[in-house]
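Q: Quick one: the structure is below, and I'll ask about it shortly.
The values are calculated or read from the model by the stated rules, or taken from the named source; none is laboratory data. If you're wondering where the values come from, they're calculated on a predicted model, not measured in any experiment. Glycine gets a Cβ as well: all are built from the backbone with ideal geometry, and neighbour counts include every protein chain shown.
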Amino acid sequence: MQYRLAAILPGAPIDRDGIFGPGTRATLEAFQHQRGLRVDGICGEQTWNTLVEAGFRLGDRFLYRRTPMQRGDDVADLQQRLCTLGFDAGRVDGIFGDATSHALADFQRNAGVPVDGIVGGATLRELIRLESRHHDPELVSSVRARAVLRDAPPTLSGRHVAIGESGGLGSVTGALRRRLLLGGTRVTELHHPDDSTQAREANELAVDVFVGLRLNPSTSSCRTAFWAGTHDESPGGRRLAELVQQAVPEPLRIADGGVHGMALPILRETRMPSVLIELGPASLVVEHATLLAAALSGALGQWADASWD
């Protein structure tokens, strides 16, 4: 872990090899903050996986669509290069999925290199050569994401909302579901305890928007996160997060706005605009469950009616 941290954050204070002291913890927290992870100074599964992903550079390995999907900074670099050149690889999230595979094949076809869906030497050389001539910073994926939002119906009626909850917030989930159904919205509740599983279920259902609710007993407020990576973010997720924080009832509202761009699995792996809303303590949430459901329903309605020009 220390070797990986030192390579990613050169010059950061790290303790002697094999000793997890104040310097290593501070560097780990700096890495977590930089990568949009929970800043807890603990190298758990998510932080370790992100550390490993951060060690890959484009050209270090062959990149292609496989199962499980390849992840890493090299994939994000590939996605950004493709999107800059006008080939829509989807969000720059560092996950080599179908959208990235299709964009890569389109690029290879246009660049006159073998269309094999693999980033090898010839493909990489063409990517670098063509990108050096292209100076448009706008990512085609961002342009298309805004176009999808702009062309969507300005109402929640007939649209599909997934509410993901993994325990402790059933009263809020139920109240929100009832409100949305009254407005003609199709609602699916997801209750699997694993965030990646909830993300996969939402993707398979092709919902229009995902709202994750999580109980955080250590807080006495409402904080809302949207997906944001090193090079890209979800415009729809950001706008919904802002509207949620504006709408939450006063006892749960916090002074700093409570909106954060993060790369947590539930936000990174969902393919639609998504937010993760953390609430606590349980007693305060239950007391204001009806008000909170009304606020969230109202925020979703404003989001659907927002202008994306």
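Q: Looking at this structure, is E138 in a helix (DSSP H, G or I) and farther than 30 Å from T188 by Cβ?
A: Answer is no for this residue.
Q: Six or more apart or on different chains, Cβ atoms under 6 Å: show the pairs whose first residue is in segment 113-127 and in contact (Cβ under 8 Å) with a residue 12 or more places away in the chain and closer than 13 Å to R65 by Cα and whose second is part of a helix (DSSP H, G or I) and among the hydroxyl-bearing types (S, T, Y).
A: Close Cβ pairs (under 6 Å, with a partner that is part of a helix (DSSP H, G or I) and among the hydroxyl-bearing types (S, T, Y)) amount to G117/S101.
Q: Name the residue, out of T270, T219, that is out of contact with any His (no Cβ under 7 Å at 6 or more places or on another chain) and modelled with pLDDT of 95 or more.
A: Testing whether each residue is out of contact with any His (no Cβ under 7 Å at 6 or more places or on another chain) and modelled with pLDDT of 95 or more leaves just T270.
Q: Report the residue count in segment 41-68 for those that are more than 18 Å from the chain's Cα centre (by Cα), exposed (fewer than 12 other Cβ atoms within 10 Å of the Cβ) and farther than 19 Å from F96 by Cβ.
A: Total satisfying the criteria: 1.
Q: Here's another thing I want to ask about it. Being in contact (Cβ under 8 Å) with a residue 24 or more places away in the chain, touching a His at 6+ places or on another chain (Cβ under 9 Å) and buried (at least 19 other Cβ atoms within 10 Å of the Cβ) narrows it down to one residue among L139, L176, L169; which is it? Explain how you work it out, then say what you get.
A: Working: L176 fails: touching a His at 6+ places or on another chain (Cβ under 9 Å); L169 fails: touching a His at 6+ places or on another chain (Cβ under 9 Å).
Answer to the check: L139.
Q: Sticking with this structure for a sec: Please note which helices (runs of 4 or more DSSP H) are completely contained in segment 15-130 and include at least 3 residues that are over 19 Å from S234 (Cα atoms) and outside the structural domain of R200 (by TED's automatic domain parsing). Let's see the steps before the verdict.
A: On the way: elements: 22-34, 45-54, 73-84, 98-111.
Per the criteria, 22-34, 45-54, 98-111.
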